[in-house]
Amino acid sequence: MGLIGGACGVRILRALSPVGRGGLPDGIPPAYEHKSKLQVLLGSGVWDEIRGKVVVDFGCGEGREVVEIAEHGAAHVIGIDARQLWLDRARWLAAERRVGDRCTFVRRWTRAGSADVIVSLDSFEHFDEPADILRIMHAMLRPNGRVLCAFGPTWYHPYGGHLFSVFPWAHCLFSEYAMLTWRSRLPGKGPTSSLREAGLNKMTVRRFRKLVDAGPLQFASFDAVPIRKVQWLAHPPLREVTTSIVRCRLVARDSATLH
C-alpha cells in the first residue's frame, strides 16, 4: 500500500491537510445533521424492530443512538464502547434526557442470550478483531434475535481512509508510515504503530462478506449502498470503489427468522 512514503509523504500530507490550514478532520461531510442517524442508515422501520425489546448498541460512542432507541420505546438499551470517557458522557446524556433508568453503559457485556436486537453503526471498519466481534454478537443474541448493521465508508471508497483521506483515495497513495507519522503530529493524537491501532482495519465489502460467511451469523439481507453520484457504475467489478455504506441484517445460522 502506498506509492508516496517517507518524509516526503509526511510533508505532502501536512501541506494538503485541512488541519494544517486551521480546519479539522475527517474529509466526510456531516451527513446526519438534523436527522436521525438510525433512521437514515437502517430505515424508518427500525422503530418497529426495537419497540419493547432489549437492544444493544455495539460501539455506542457518546450514546446519542442509545438515548434515541430508548425514547422510541425499547424496553432496555445497553450501550457498549471501549472508551470510558464516552461511556461517562453517554450516561450523563441519558440522565439528562430522562431515560437513564432504561439505559446501561458498559465496556463489556457478559450476559449471553440477553439481547433481542443488536445495533451496530459505523463500527465494523474500526473493530480491531471484527471476526471476534461477530462471535460475541452471536453469543449475546436470544433465539430469533438479529443484528442491524450499517457502516462505511469502506476502505476503497474515495474517503475510506477517514481522517487519512485528505483528498479522495489519499489513504491508498501514501505509505502507512507517512500517514501515521503525519497523524501523530495532529492536535490530540499520539504515536501509533499501525493503522489498526489508529482505529482503521481496512474493511472492504468483500472482506466483510467473507468474515460473516466464516462465522456463526448469516445474512438475512445485504445491501452495498452506492455513492449516489456514481450509482450507475455500481456493478460488481466496481463495487469496492462505488460503495458508500454496507447495510445488512444478520441472524444466527440456526435461526429460521430469515426475511
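The values are calculated or read from the model by the stated rules, or taken from the named source; none is laboratory data. Just so we're clear, the structure is a prediction, and the values are computed from it rather than from any experiment. Cβ atoms come from the backbone with ideal geometry, glycine included; neighbour counts cover every protein chain shown. Calculation scope for accessible area: heavy atoms of the full protein, side chains included, ligands and nucleic acids excluded. Shrake-Rupley method; radii C 1.70, N 1.55, O 1.52, S 1.80 Å.
Remarks
- Counting only helices (runs of 4 or more DSSP H) that fall entirely inside region 1-82 and contain at least 2 residues that are at pLDDT below 95 and under 25 Å from GLY161 (Cβ atoms), the qualifying elements are 6-16, 37-42.
- Contacts under 7 angstrom Cβ, first residue in region 56-72 being within 18 Å of HIS126 (Cα to Cα), partner open to solvent by 30 Å² or more (accessible area, probe 1.4 Å) and in a loop (DSSP other than H, G, I, E, B), 6 or more apart: VAL56/TRP109
- Test: residue in region 193-205 that is β-branched (Val, Ile, Thr), over 27 Å from LEU250 (Cα atoms), in contact with a helix residue (DSSP H, G or I) (Cβ under 9 Å, 6 or more places away or on another chain) and open to solvent by less than 30 Å² (accessible area, probe 1.4 Å): no
- Test result for LEU217, at pLDDT 95 or above and open to solvent by less than 40 Å² (accessible area, probe 1.4 Å): yes
- Taken over region 73-99, the residue count meeting the criterion of being of a type in the set (Phe, Trp, Tyr) and within 22 Å of GLU125 (Cβ to Cβ) is 1.
- Considering GLU71, GLU49, GLU96, the condition of being more than 30 Å from ALA198 (Cβ to Cβ), in contact with a strand residue (DSSP E or B) (Cβ under 9 Å, 6 or more places away or on another chain), surrounded by fewer than 21 Cβ atoms within 10 Å (Cβ to Cβ) and acidic (Asp, Glu) is satisfied by GLU49 alone.
- Filter result for ARG185 (under 24 Å from ALA7 (Cβ atoms), more than 20 Å from the chain's Cα centre (by Cα) and basic (Lys, Arg)): yes
- Of all residues in region 106-114, at least one satisfies being free of Cβ contacts under 8 Å to residues at least 12 places away in the same chain and open to solvent by 20 Å² or more (accessible area, probe 1.4 Å).
- Candidates in region 137-165 are the residues that are among the aliphatic types (A, V, I, L, M) and touching a strand residue (DSSP E or B) at 6+ places or on another chain (Cβ under 9 Å); of these, the one that is nearest to TRP109 (Cα to Cα) is MET140.
- Candidates LYS189, LYS229: the one that is open to solvent by 20 Å² or more (accessible area, probe 1.4 Å) and either in contact with a helix residue (DSSP H, G or I) (Cβ under 7 Å, 6 or more places away or on another chain) or of a type in the set (Val, Ile, Thr) (or both) is LYS189.
- The number of residues in region 114-147 that are among the aliphatic types (A, V, I, L, M) and within 15 Å of ARG209 (Cα to Cα) comes to 4.
- ASP122 vs. criteria acidic (Asp, Glu), closer than 20 Å to LEU250 by Cβ, modelled with pLDDT under 95 and open to solvent by less than 40 Å² (accessible area, probe 1.4 Å): yes
- Filter pass, PHE151 being under 30 Å from LEU238 (Cα atoms) and surrounded by 21 or more Cβ atoms within 10 Å (Cβ to Cβ): yes
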